[in-house]
Amino acid sequence: MLFARHGAGLALDAFGAGAWSGWADLGPAAVPVPTTPAPPAPDGELNLEAGLSCTPAGGKLRVSIAVRKRPGQAKARVQRIVFYTKGKGRKVRVDRKAPFAVRIAINRPAGTSGRVYARVYYRRSKHGKLHDKTVSRRYVVCR
């Protein structure tokens, strides 16, 4: 068999019984559909969201966190979440009740970026060990 590209389609010529059969049109060529990469797997049980776009200079950044149950483990019993920024003008906010969302004042110049952190303190059982996990997200201050 012999395949050939003919314009936007494909053609086929086969050899059988001592002779070529002649070209047969197979129609348009199937173009593979590009696949989009899968989104990254969530980081453990926590999902931190820090603002939707840029934060105005001297404004407040809305930060929220979602705590999910991991398969095969007991639900995390959140004791408190400490939201904070680092560096000069450091700000700290603590939230003890769901929904876990705060607004943190940002004291950075316009056009810069920074990180906001959330340290979650939780237990797996009522009197179990107190675990903690820290996650962070980047934010941008508007120009």
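The values are calculated or read from the model by the stated rules, or taken from the named source; none is laboratory data. None of the values given here were measured: they were computed from a predicted structure. Note that each Cβ is placed from the backbone with ideal geometry, even for glycine, and that neighbours are counted across all protein chains shown.
Just a few scattered comments:
- Taken over the range 132-143, the criterion of being assigned to a loop (DSSP other than H, G, I, E, B) and hydrophobic (A, V, I, L, M, F, W, C) is satisfied by CYS142 alone.
- Identity of the residue in the range 43-69, farther than 23 Å from LEU130 by Cβ and not in a strand (DSSP E or B), that ends up modelled with the lowest pLDDT: LEU52
- Single residue of the range 54-106 satisfying the filter (hydroxyl-bearing (Ser, Thr, Tyr) and free of Cβ contacts under 8 Å to residues at least 60 places away in the same chain) that is surrounded by the most Cβ atoms within 10 Å (Cβ to Cβ): THR85
- Test for ARG93: is it within 16 Å of ASN47 (Cα to Cα) and among the charged types (D, E, K, R): no
- The range 15-29, residues that are closer than 16 Å to ALA4 by Cβ and either modelled with pLDDT under 70 or surrounded by 10 or more Cβ atoms within 10 Å (Cβ to Cβ) (or both): PHE15, TRP20, SER21, TRP23, ALA24, ASP25, LEU26, PRO28, ALA29
- The set of residues from the range 57-109 being touching a Leu at 6+ places or on another chain (Cβ under 6 Å) and at positive phi is empty.
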